[in-house]
Amino acid sequence: RVAAYDRYMTFEEIDAHIHETVDANPDVASILDLGLSYEGRELHGIKLSNGAAGQKSVWFDCAIHAREWIAPPVCLRIIDEVLADPALRDLADWYILPVANPDGYSYSHTDERFWRKTRRPNEGSSCVGTDPNRNFDFLWDGVGDFCSEVYPGSSAFSEPECGAIGNFVSSNADSLVLYVAVHSYGELILYPFGHTVEPVPNVDDLIAAGTASADAIEAVGGTRYSVENSAAGLYFTFGASDDYAYGIGAALYSYTYELSGGGSGGFNPPASAIQTVVDEVWPGLKTLVEYSLAN
Ligand code: 0X9
Ligand code: ZN
């Protein structure tokens, strides 16, 4: 089964695609089993590796925010490219999680197109869900309204989806070089931190890698992604996944990509925009991997 880039796939279709990809490429692909979501969906990603010992690793997750449908096709494209090119697998082992919030993603298909959060109910409130990108255990901010779109959860890693990613990141800290969370929208390449505009120690490398990536994206079709500190370029946040991966010292290169909305698409780009967005961002992500592993 080939990934579809002309329409938005359901969670079940993406999961089936991952399994068929692994079955068809058993020598280099394996299921990355991170456990279960709150509602019991499999958190299945993919590991792509030539099997060499002592490899560095790179991580990509997509759609931790349910409604950001343009993100999973980007993760699927990464899988296509890395499967096709052994040299990419010589650079590092690749870990890719195409749907990081499967309950929310499914709900956004069946019930509410612009659902953002997880689907765990909040005790004492009719408002469901936690913002998974405020739930990571780095400077977690325990104050928030249940009904807020950025409710951080009842505790750090209260959401199993976040705990699963956090556990992977912390237990692979020795090999992890690059962490990328793929979101939409805004045409932004964001680097840590979200809680301060103070430059982090390797800010020059983070900007250089991000700029090389933005240049590669621009070269495809002229779209310019802007490279920014998260707090300065967007707004202040606590408990985001990229800041966790960087802040605990796991990934020296850590980013959030806010994809293009595909013209006037915002969170809901027309399916006809998927191919264009994916085609332009892939060279940028490849460049980012090459830069971060070389420096
Ligand atoms: O607010 C977010 O979680 C992300 N934007 S979105 O519109 N996709 O919701 C941006 C997160 C950027 N990273 C940090 N602030 N650490
Ligand atoms: Zn998002």
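The values are calculated or read from the model by the stated rules, or taken from the named source; none is laboratory data. Everything numeric in this text was worked out from a predicted model, so none of it was measured. Here the Cβ positions follow ideal geometry from the backbone for every residue, glycine too, while neighbour counts run over all protein chains shown.
Looking only at the range 33-50, filter to residues that are within 22 Å of LEU293 (Cα to Cα) and aliphatic (A, V, I, L, M); which one of those is farthest from ligand 2 (Cβ to nearest atom)?
So the residue we want is LEU48.
Anything in the range 228-263 that is buried (at least 20 other Cβ atoms within 10 Å of the Cβ) and free of Cβ contacts under 8 Å to residues at least 40 places away in the same chain? List them, or say none.
ASN229
Within the bounds of the range 59-72, is there any residue that is away from ligand 1 (no atom under 16 Å from the Cβ), of a type outside the set (D, E, K, R) and touching a residue at least 60 places away in the same chain (Cβ under 8 Å)?
First pass over the range 59-72, keeping only residues away from ligand 1 (no atom under 16 Å from the Cβ): none.
No, because not a single residue in the range 59-72 is away from ligand 1 (no atom under 16 Å from the Cβ), of a type outside the set (D, E, K, R) and touching a residue at least 60 places away in the same chain (Cβ under 8 Å).
Can you report the number of residues in the range 30-63 which are crowded, with 16+ Cβ neighbours inside 10 Å and among the charged types (D, E, K, R)?
4
Just one of VAL150, VAL182, VAL169, VAL177 is of a type in the set (A, V, I, L, M, F, W, C), modelled with pLDDT of 95 or more, within 16 Å of ligand 2 (Cβ to nearest atom) and closer than 18 Å to ALA92 by Cβ; which is it?
On the way: VAL150 fails: closer than 18 Å to ALA92 by Cβ; VAL169 fails: within 16 Å of ligand 2 (Cβ to nearest atom); VAL177 fails: within 16 Å of ligand 2 (Cβ to nearest atom).
Only one candidate qualifies: VAL182.
Of a type in the set (D, E, K, R), touching a Pro at 6+ places or on another chain (Cβ under 6 Å) and surrounded by fewer than 24 Cβ atoms within 10 Å (Cβ to Cβ): does that describe ASP141? Outline the logic, then answer.
Details: of a type in the set (D, E, K, R): yes; touching a Pro at 6+ places or on another chain (Cβ under 6 Å): yes; surrounded by fewer than 24 Cβ atoms within 10 Å (Cβ to Cβ): yes.
Yes.
May I ask you to say which residue of ALA92, ALA3 is at pLDDT below 95, surrounded by 15 or more Cβ atoms within 10 Å (Cβ to Cβ) and of a type outside the set (Phe, Trp, Tyr)?
On the way: ALA92 fails: at pLDDT below 95.
Just one listed residue meets the conditions, ALA3.
What about CYS162, is it at pLDDT 95 or above, part of a loop (DSSP other than H, G, I, E, B) and on the phi < 0 side of the Ramachandran plot? Write out each step before concluding.
Details: at pLDDT 95 or above: yes; part of a loop (DSSP other than H, G, I, E, B): no; on the phi < 0 side of the Ramachandran plot: yes.
Spelling it out, it is not the case that CYS162 is at pLDDT 95 or above, part of a loop (DSSP other than H, G, I, E, B) and on the phi < 0 side of the Ramachandran plot.
Can we say VAL203 is away from ligand 1 (no atom under 13 Å from the Cβ) and surrounded by 24 or more Cβ atoms within 10 Å (Cβ to Cβ)? Quick ask: steps written out before the conclusion?
Working: away from ligand 1 (no atom under 13 Å from the Cβ): yes; surrounded by 24 or more Cβ atoms within 10 Å (Cβ to Cβ): no.
For VAL203, the condition - away from ligand 1 (no atom under 13 Å from the Cβ) and surrounded by 24 or more Cβ atoms within 10 Å (Cβ to Cβ) - is not met.
What are the residues in the range 51-75 that are in a loop (DSSP other than H, G, I, E, B) and either over 20 Å from VAL28 (Cβ atoms) or within 11 Å of ligand 2 (Cβ to nearest atom) (or both), if any?
First, the residues of the range 51-75 that are in a loop (DSSP other than H, G, I, E, B): 51-56, 63-70.
If the condition is that a residue be in a loop (DSSP other than H, G, I, E, B) and either over 20 Å from VAL28 (Cβ atoms) or within 11 Å of ligand 2 (Cβ to nearest atom) (or both), then ALA63, ILE64, HIS65, ALA66, ARG67, GLU68, TRP69, ILE70 are the ones that fit.
Please go through (1) in contact with a Leu (Cβ under 7 Å, 6 or more places away or on another chain); (2) among the hydrophobic types (A, V, I, L, M, F, W, C); (3) away from ligand 2 (no atom under 14 Å from the Cβ) for PHE138 and return the number of the only condition it doesn't satisfy.
Every condition holds for PHE138 apart from (1).
Filter the range 166-185 for residues that are within 22 Å of PRO72 (Cβ to Cβ) and either in a strand (DSSP E or B) or within 12 Å of ligand 1 (Cβ to nearest atom) (or both) and give the result.
LEU176, LEU178, TYR179, VAL180, ALA181, VAL182, HIS183, SER184, TYR185
Being crowded, with 23+ Cβ neighbours inside 10 Å and more than 13 Å from ARG116 (Cβ to Cβ) is the filter here, so list the residues in the range 126-138 that pass it. Walk me through it before giving the result.
Within the range 126-138, the first condition is being crowded, with 23+ Cβ neighbours inside 10 Å, and the residues that meet it are 129-136.
PHE136 - this is the single residue of the range 126-138 that is crowded, with 23+ Cβ neighbours inside 10 Å and more than 13 Å from ARG116 (Cβ to Cβ).
Can you name every one of the helices (runs of 4 or more DSSP H) wholly within the range 186-295 that holds 1 or more residues which are at pLDDT below 95 and under 19 Å from the mean Cα position of the chain (by Cα)?
Working: elements: 203-221, 230-233, 241-247, 274-294.
Here the list reads 230-233.
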